[in-house]
Each structure stands twice: as structure tokens, then as C-alpha cells.
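Here the structure is laid out as C-alpha cells; the discussion comes afterwards.
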Amino acid sequence: MADKKIIAVLGSTGSQGGGLVRAILADPAGGFAARAVTRDVSKDKAKALKSAGAELVKADLDDVESLKKAFAGAHGVYAVTNFWEHFSGEKEKAQAKNVADAAKAAGVKHVIWSTLEDIRKFMKADDKRMPMLQQKYRVPHFDAKAEANASFSGLPTTFLVTSFYWDNLYMFGLAPKKGEDGKLAWTFPMGTAKMAGIAAEDIGKVAYGIFKGGKEYIGKTVGIMGEALTIEQMGQTLAKVIGAGPVKYNAVEADVYRSFGFPGADEMGNMFQAYRDFAKEMLANRSVDTARKLNPSLQSFEQFVTKQKAAIKTAMGV
């Protein structure tokens, strides 16, 4: 590792970070080495990264001193937080500040912060279309990340604006399911709007492209997606690739989706509503061309579904 630039990767056993670690390891002549940072080094996923050639380091986003140690000697840091572990916008901001403080202390040369828009900027404070959550947010996992951008001030940072993970089809159980009539259907408050989506591993590959680009991307905001599709189009692709019959799209209002009661239903209802109501702004902030320039192997939705067919079929129960 002595002759390579070390990238300390947070979320290394997750979707984005894991994609970046694998991208670094897949390019041994690229001049970079992967330091997989994780809370639990005994995890099977962590052990697999170590076996593949990554350096494994234990650290916790809630412990700034552990992060300082994890970043020591690193050229770059990939910074990502996972709202879905705790469902708290405030905690996400605190963790991001810890990461930024540790990166400053370590003197790293390049930070990529995985962020999203502040949905509150698209709406007036008294707008009743979408409820406020956690007292102050419209979509906490968007708004808190956007607020946390300020923590990276003074650091050589690239702000990477990501998109909806297509992996949520099997990771979050969002795939179509068979109803009592035996037919596949799914329900979203997206209307006919196109939603920016991406394969999570492609985010990691894009991040690797940004680290390779170096100074060209420092101080820049880079918005990426794999493809923008309506729910109807996604359903048609799933039906074509999976081959389990047509997928019916139940388009509901966001209030109905928020009322479903599963953990995070209000958050996700607000998120989908944001993708629907502000589709023009959201799509303008993201580019397929930019993503492909940084990651030439960028997948379309059909390519993603084909690659993940087995996992998606299991999630669909077909």
C-alpha cells in the first residue's frame, strides 16, 4: 500500500461503499488502495473485503476519535451515512460532522460526500401538500444530508448527489408482489413522473472515477443517475425480464402511502412525493452522461434487473 493512495471508505459493507471498495480492488494498476472502514470487522461482508485485498479498519460514525484513526495516512475519504439504521435526521447530521472533523484532522486530500437535495428549498414553509417530519424536515434523509454539506466547508470535497437505489426492489421489499388474485402489482405515489434511479454499485464505481479525476472534481457538485423511468416503465421492464406476467401499477396519493404504517412509511411517502412533484428539478440535478463518463460500465434499469434477476424474483415471490 505504501506506493498507492489510500481511500478510506465508510459504509464499506453497504451498497455505495462496497461498490467503491470493489471498484478499487478491480483496478490494481489504478494507483489506489482500499481501506474498508466498518463498525464490525467480524461481519462476513467485512471478511470478504479483506480476503479480496482491502485493508480492514474498525471505526464508528458516532466516535470521532475512531474515525481520526481510521483516516490517518489516507489520501481520500468516501463519506456516506445510513439514515435507515436509525431514522434520525439529527443523528445523520451529527455523524456527518464527525466524519468531516476527522477528515480535517487527518489532512486528507479529497473527500467525496454522498448527499442529496434539501426538499424544503422547493417548498414554502406553510405548504400543506407534504407534512413536516421530525419537527423540521420534509424528507429527513434528503434534507439532513443537504444541511450536512456545510460541515465539509474548508475540506477538498466533491458533493455526490445520488439517486433512488434500484436495489431497493429486493433490499427494501419494494418489488411488485402477487395479490389475492395471483397477479403482480405494486403501489407508489409517483403518478406518471419519471424517477431518477441507479444501481447502488454504480454509485461506488462513479466515486472511484471521481477519485481518479482528482482536482478536476474538488469543489464540484456531481449529480448522477442510471436512468429516469416512470413506475409504469419499470413494471414493464420487470415483466419482460422476470417473465412472471404483467405488473399492475396502483398509483395512489402520497397521503395514502404515508398511512400504510410500515417503519418509514411517512418518510418514503414524502420522498416519492418529492420525486413526483419536483421531477423537473430532481432530474435537472442528475446526469446519465456524467455518470457514464465516470463509470463507463453504468447499467440501465433493464441491465440491472437482468443482473439481479434471482434476488428480484425472490423478492417478488415468483
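The values are calculated or read from the model by the stated rules, or taken from the named source; none is laboratory data. Predicted model, so just to flag it, every value in this text is computed and none were measured. Backbone-built Cβ (ideal geometry, glycine too); neighbour counts: all protein chains shown. All accessible areas refer to the heavy atoms of the entire protein, side chains included, with ligands and DNA or RNA removed. Shrake-Rupley method; radii C 1.70, N 1.55, O 1.52, S 1.80 Å.
Residues in region 1-30 that are of a type in the set (D, E, K, R) and within 19 Å of residue 294 (Cβ to Cβ): 5, 22, 27. If you go through region 94-108 and keep only what is open to solvent by less than 20 Å² (accessible area, probe 1.4 Å), part of a helix (DSSP H, G or I) and either without any contact (Cβ under 8 Å) to a residue 24 or more places away in the chain or aliphatic (A, V, I, L, M) (or both), you end up with 96, 99, 100, 102, 103. The residues of region 139-165 that are polar (S, T, N, Q) and either surrounded by fewer than 19 Cβ atoms within 10 Å (Cβ to Cβ) or not in a helix (DSSP H, G or I) (or both), listed by number, are 149, 153, 157, 158, 162, 163. Residues in region 47-61 that are touching a Lys or Arg at 6+ places or on another chain (Cβ under 8 Å), surrounded by fewer than 17 Cβ atoms within 10 Å (Cβ to Cβ) and farther than 12 Å from residue 34 by Cβ: 58, 60.
If the condition is being buried (at least 19 other Cβ atoms within 10 Å of the Cβ) and within 24 Å of residue 128 (Cβ to Cβ), then region 247-265 contributes 254, 257, 258. Among all residues of region 116-138, there is none that is of a type outside the set (A, V, I, L, M), open to solvent by less than 10 Å² (accessible area, probe 1.4 Å) and in contact with a strand residue (DSSP E or B) (Cβ under 8 Å, 6 or more places away or on another chain).
Within the set of pairs 6+ apart or on separate chains, which have a first residue in region 77-93 that is within 22 Å of residue 158 (Cα to Cα), a second that is open to solvent by 40 Å² or more (accessible area, probe 1.4 Å) and part of a helix (DSSP H, G or I), and C-beta atoms under 6 Å apart? Close Cβ pairs satisfying both conditions: 93/147. Within region 278-287, the set of residues being part of a helix (DSSP H, G or I), touching a helix residue (DSSP H, G or I) at 6+ places or on another chain (Cβ under 8 Å) and surrounded by fewer than 21 Cβ atoms within 10 Å (Cβ to Cβ) comprises 281 only. Put simply, of 193, 239, 244 the only residue that is in a helix (DSSP H, G or I) and either modelled with pLDDT under 95 or open to solvent by less than 60 Å² (accessible area, probe 1.4 Å) (or both) is 239. Could you tell me whether any residue of region 120-127 is in contact (Cβ under 8 Å) with a residue 60 or more places away in the chain, touching a helix residue (DSSP H, G or I) at 6+ places or on another chain (Cβ under 7 Å) and assigned to a helix (DSSP H, G or I)? Checked against the condition, which is being in contact (Cβ under 8 Å) with a residue 60 or more places away in the chain, touching a helix residue (DSSP H, G or I) at 6+ places or on another chain (Cβ under 7 Å) and assigned to a helix (DSSP H, G or I), region 120-127 yields at least one hit.
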